[in-house]
Structures are given as structure tokens and as C-alpha cells.
Amino acid sequence: MKSTLIPAADEEEGAALVPPPAAGAAPCKVVDDDNAAVGVERQSSSSSSSPARTKKTWWWTALVSPTRGAVGMVIGGLVVLAMLVGTTWIDLDASFLPGNSHGSISRRGRHPPRRHRSSPLVPIPFSCGNSSSTPQCRRGMPPPSPTPEQPTAPPPSCPDYFRHIHSDLERWRVSGITREAVERAQPKAAFRLTVVSGRAYVETYHRAFQTRDVFTQWGILQLLARYPGRVPDVDVMFNLEDMPEFRAADYPDPATAPPLFRYCKDGSSLEVLWPDWSFWGWSEVNIRPWAPLVEEVGEENTRLPWQDREPYAFWKGNPYVSEARRDLFRCNNDSAAGKEWNARLFKQDWDAAIRNGFKDSNLAKQCRYRYMIYVQGRSWSVSEKYILACDSPMLAIDTPFRDFFSRGLVAGKHYWPIDPANKCRAVKFAVDWGNSHPAQARRIGQEGSGFAREEMSMDYVYDYMLHVLKQYAALLRYTPTVPEKAVELCPESMACPAQGRDREFMMQSRERYVATYEPCTLPPPFTAEEVTRMAAREEDVRRKVAKMEGR
């Protein structure tokens, strides 16, 4: 019997979850997965970009979040100390770390817990009613924005990666964004989102891969419910695929550049970044929404401390989506050939995973190794946040592709950089070094997982979305109106008719209470001096790692 998971020949790209293609199959575009998923879709003729087009890595071509001033002073002090005493950098035991191995781990202030606030909780209404028909969205204006409570302290400053919002929108800072520019992005968009008076309307252009569109739109509805009356009127085109579509060099006139929201970009692309769908759940591969999943990962981390984990580097997933992943498997352990690269690499058993609904692919259970490898998929990979959360140092193979939060990761602090041209030796060295310097290695793991839990908490994910839309709306040179073919969406119209994991994950990720407090404070744009300093810092870390490796 033919599997219903395999799309018919005339279906849109990304129609369904399928195993890797058999030999001799038609050319395919393979969509990125996380540690436990795979998807295949037909090659789109519009995808002209390739990882090979961008020779410089992300840390050079894209802005990188600056290290805090105190951290920079510590690093500078260590460098001066090394020069004074004539000590090599290797003897400093990873001096690129922020402070010594006995210092405290960097932590960011969070929004105060709801139970510590003085104002009463304001529930977000939600009801499917008793009817079997799809509930209609409530008529009338949305509830007014509640008066923010008088804070005992100002809201926290947003994480540094929020500063890239300014650079994403810099292209239109002078000219503004016209309706014509927005509609110029339509050929590359899966759907058009219009928010008018706090209500969301969507015009769909083509099917998205799996439920990327469903959970992206669900996340937008949660933002509107969380911050009623505070989301501005906007008109946005959303692309839900893997590869960047618009290159800055192709639009010398900023006024003609099409603004397109999407999940990732590289240093030469124009897109405005937005959180990917999996923050609200990936039902096809049984990956829970980010908030409950990161808590589960934290519990597993406590059960299996770092020192008790397997002393190797781990990766599991779909190697067929990119050459970078296929090449990684050269680094697998080969006892017969006498090769030990300290890597334990596993291909997903697709048939078994599909049969049991990916029940044995719980990401929280994969933090059993002291080191976790991150390698790009077709472009970026949603797996990065799950890898970061493991409390194990992330060995990140350099890639030009970044999503909204990874632009805030700092080499040597949140992860150990791996040269893609020398990945096997680099992974082996990183593992050997970390096992010999457990305090420093564990610190990198803790910094990474702290970033994942705190700076990527759903509070900050929603604040990022709100700030992007506010900055974007300020550049619009027209008043958004509801497109003729658009359909209104609300939580009830999406969740009530949903079934299975789609419904389960929507309920798990549904916002229950209105945010009666202010979002985090958006930091200013990067200065030219900061950009230069950040690029130099990232280059210096990689130079030192190469020296340690003997390159």
C-alpha cells in the first residue's frame, strides 16, 4: 500500500514528511530537520542561493552581539597578563572564556514572575463551546490594553541579539516601506499577514512544508493575545523555506527592496528574521513547544550531571539535507580502521521513527554526551536551541546562516567553534581538551544552556516579535488594510478544529494571561566601532583555537 506520507506528484513543495529518497529518484530539495526529523520537498526553481556563495562565515559577514563591558575588561586583562609573563595562550586554559573557571555564569534579568506582581492576573478568554462547528472569531474590537502595573523596577534590557532588529530594517530606514515594496515580495511568500486594530488576517499563497505556517501563525495569535492593543497595524510577507531569497546587492535602491520575514539569513541577504515555528511545537516529529521542552531538558540535565556523561561528541539526525552533514560522517568512530575522532554520529532510523510517531526521539533524552555537535541543515537548523540547552558544550561547525537568536551567541563563551575545513581533527581536539579541562568545558556548556533557558525564554521570544513589528510598522508609508482574499484568524478558529498533536501542542503553547507589564527595553543599534570590535573578537577566538589545534 502506498504511504499517505509521500506526496503525490502534483502536490506543492514540502507537502509531507517522508524518508530520504531512493536511488534514482527525481531531484529533491531536502528541507532542514532537527535532531529527530526529516522532510523532503521538490526543488523550487526560485532557490538560487547556496551555502557556497558566502565564503566568509557568519561572524564576519553578519553583526554579532557585543560582549558586555565587564567581560571585555576581563578578556583584555588576561591578554595583557599573557603578554607580561610570556605565557602562551594555551597555558591560560581557554582565556577566551568570560572570566576564570571559578567565576559566576552570566545571567540576564528576566521579567518578574507573575506571582510577584501586584496587579491581578488577566485571563485570556478561550472557548471552543459545545458546537462541533468551527468557532467564529469574537466580533468587536479586541480588549483594550491593560494599564501596565507600576513596576518596582524598570523592565530588563532586552538581550543583545535584539539589536539586530535595527540592522535587519536598516535598508528601509530612510526610504520607508511602501505597499509596492511589500507586494514585490509576494512571489517568495507563503502567506501575507495583516494586523488591523489588533486582529489578524492571513492571505495564503501556497502550501508550506508540514505545519510551518500553522504554528508560525499560532505564535502570532499568541503575541496578539499576550499584548492586546500593543501590536501595531502591520502588513507583512512571510517566507517559510530554508534558503534566503533576496540579496542586498540586487537592490542598490533601498526603496525598491522587498521586505520579507523569514527564519534565517546569511550575511548578504535582506530578510527580516522571525522566530521559527518550532517554538510552538513541531507536531509531525513530536517535538513539544519550547517552554515545556526546555524545562524537561533541564530536569534531564539534573538527573545526568555533565561529568557522568559519555565523554564524546554527539550528533543525530538527517545527514541527507546538506553536504556539510554528509561530510560530518567522515568523523565517525571507526575502530576497524583505527580512527577515533571522539565523535558518535547517528542516522535517524526513519522507518522506525515514522512507525512509532517519533516517540523514541525525545530530545530531552539526547543530552547523554559531554559534547553536542551543531551542523547546519540545508541552511540553518532548528536543532541549535535544543543542543544549546543540554548543559554540554556545543561544538558548532561554522556556517554563514543565522536565525534571530544565534546572532547573540559568542564564540568561546556559548560554544566552541569548529572549522568546517578541518572538522574531524577539530572535534577530536575539542573533546580531548574539554576532558582534560573539565571546569572550563563545563563552563561553556553552562553558558550555552543559560542562554537557551533565559535569553531565549518565551518571554523574550514574544518581546522580540513585538519589537520587530513595532520597528517595522514605524517604517510603513501607508495604512495597512485587510486584503480582499484574507481570512481572519483567532486562537479558537485555529485550535478548536485541530486534532491530535496539533491541538495538543497548541494547548501547551497557549498564552493564558495578558502581559500587564512592559516588554524588555530595546537596546540601540550597533555602532560602527562595536561592529569592528566584535568581528575582531570573533576572529581572535578562532585564531587562538587554530593555534591550540596546531594549525
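Across the range 461-476, the qualifying residues are those that are outside any helix (DSSP H, G or I) and of a type outside the set (Gly, Ala, Ser), and the one among them that is farthest from residue 197 (Cα to Cα) is 475. Filtered by the rule that a residue be on the phi < 0 side of the Ramachandran plot and not hydrophobic (A, V, I, L, M, F, W, C), the range 174-194 gives 175, 178, 179, 180, 183, 184, 186, 187, 188, 192, 194.
Applying a threshold of 7 Å to beta carbon distances and a minimum spacing of six or more residues, or different chains, the list of pairs starting in the range 537-551 at a residue that is assigned to a helix (DSSP H, G or I) and ending at one that is among the polar types (S, T, N, Q) reads 537/67. The listed residues are 224, 293, and the only one of them that is under 22 Å from residue 519 (Cα atoms) and not in a loop (DSSP other than H, G, I, E, B) turns out to be 224.
For the range 392-428, the set of residues classified as closer than 18 Å to residue 323 by Cα and free of Cβ contacts under 8 Å to residues at least 40 places away in the same chain consists of 396, 421, listed by residue number.
The residues of the range 467-518 that are under 18 Å from residue 291 (Cα atoms), within 22 Å of the chain's Cα centre (by Cα) and not acidic (Asp, Glu), listed by number, are 501, 505, 506, 507, 508, 509, 510. Find the residue count for the range 333-346, including only residues that are free of Cβ contacts under 8 Å to residues at least 40 places away in the same chain and surrounded by 16 or more Cβ atoms within 10 Å (Cβ to Cβ). Count: 2. Tell me the residue from 418, 444 that is at pLDDT 95 or above, more than 18 Å from the chain's Cα centre (by Cα), buried (at least 24 other Cβ atoms within 10 Å of the Cβ) and more than 23 Å from residue 290 (Cα to Cα), please. So the residue among 418, 444 that is at pLDDT 95 or above, more than 18 Å from the chain's Cα centre (by Cα), buried (at least 24 other Cβ atoms within 10 Å of the Cβ) and more than 23 Å from residue 290 (Cα to Cα) is 418. Picking from residues in the range 252-266 that are part of a loop (DSSP other than H, G, I, E, B) and aliphatic (A, V, I, L, M), the one that is modelled with the highest pLDDT is 260.
Only a single criterion out of (1) surrounded by fewer than 19 Cβ atoms within 10 Å (Cβ to Cβ); (2) within 22 Å of residue 124 (Cα to Cα); (3) modelled with pLDDT of 95 or more is not satisfied by residue 516, namely (3). Considering (1) surrounded by fewer than 19 Cβ atoms within 10 Å (Cβ to Cβ); (2) touching an Asp or Glu at 6+ places or on another chain (Cβ under 8 Å), the lone condition that residue 195 does not fulfil carries the number (1). When residues in the range 346-392 are screened for being modelled with pLDDT under 95 and either in a strand (DSSP E or B) or within 19 Å of residue 424 (Cβ to Cβ) (or both), 2 of them pass. Scanning the range 198-228 for residues that are surrounded by fewer than 21 Cβ atoms within 10 Å (Cβ to Cβ), over 23 Å from residue 270 (Cα atoms) and out of contact with any Asp or Glu (no Cβ under 9 Å at 6 or more places or on another chain) yields a count of 1. Residue count for the range 373-391 satisfying the condition of being farther than 23 Å from residue 327 by Cα and touching a Leu at 6+ places or on another chain (Cβ under 6 Å): 0.
Answer with yes or no whether residue 431 is touching a residue at least 60 places away in the same chain (Cβ under 8 Å), under 14 Å from residue 313 (Cβ atoms) and in contact with a Leu (Cβ under 7 Å, 6 or more places away or on another chain). No; evaluated as a whole, the condition is false for this residue.
The values are calculated or read from the model by the stated rules, or taken from the named source; none is laboratory data. Small disclaimer: the values here were computed from a predicted structure and weren't measured. Please note: Cβ atoms are built from the backbone with ideal geometry, for glycine as well, and neighbour counts cover all protein chains shown.
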